Amino acid sequence: MALNKNHEYEDWDGVRYGIVEKNVSSDRAAFLKDILEHNGYTVAVAPAPAPKAAPAPKPAEGEVTAPQPEVPTPPSLFHVGVTDYTFNSTNAIFGRALKTKDGHIVTLAYWQQKSPINNDEQPYYEFVK
């Protein structure tokens, strides 16, 4: 439960984690984990719970039902969290608190993986994909 949408947290295995992002792919989770661990955060990646399926309607008495098609399994998604449950990614990015391994400031385009090059001299509002 969170006080507001900016500081969400969950308890995983008895440890409280501040949620960085939910329902991300394994590649995105590895990218975030790499950046956050480099900046001194203890990171946990947990599998996202399976989405709840709607219950099948009950057939009327004496009604014959057709076999139900198999529901495809969703791609594996993950939640990324840090032990500092006051962490807020927006504040960290715009507050210029995160750095890459080569010493540059993490920009919004780099965080969102829209740009493979981290150009911290270009303002975020001038970024063109």
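Brief remarks on what is shown
- Ordering ARG28, ARG16 from the fewest to the most neighbouring beta carbons within 10 Å gives ARG16, ARG28.
- Sites ASN23 and ILE105, calculated FRET efficiency, Cβ-Cβ separation with R0 30 Å, nearest 0.05: 0.65
No value in this document is a laboratory result; all are computed from the given coordinates. Note that the coordinates shown come from a computational prediction; the quantities given were computed from them, not determined experimentally. A quick note on method: Cβ atoms are made from the backbone with ideal geometry, for glycine too, and the neighbour counts reach across all protein chains shown.
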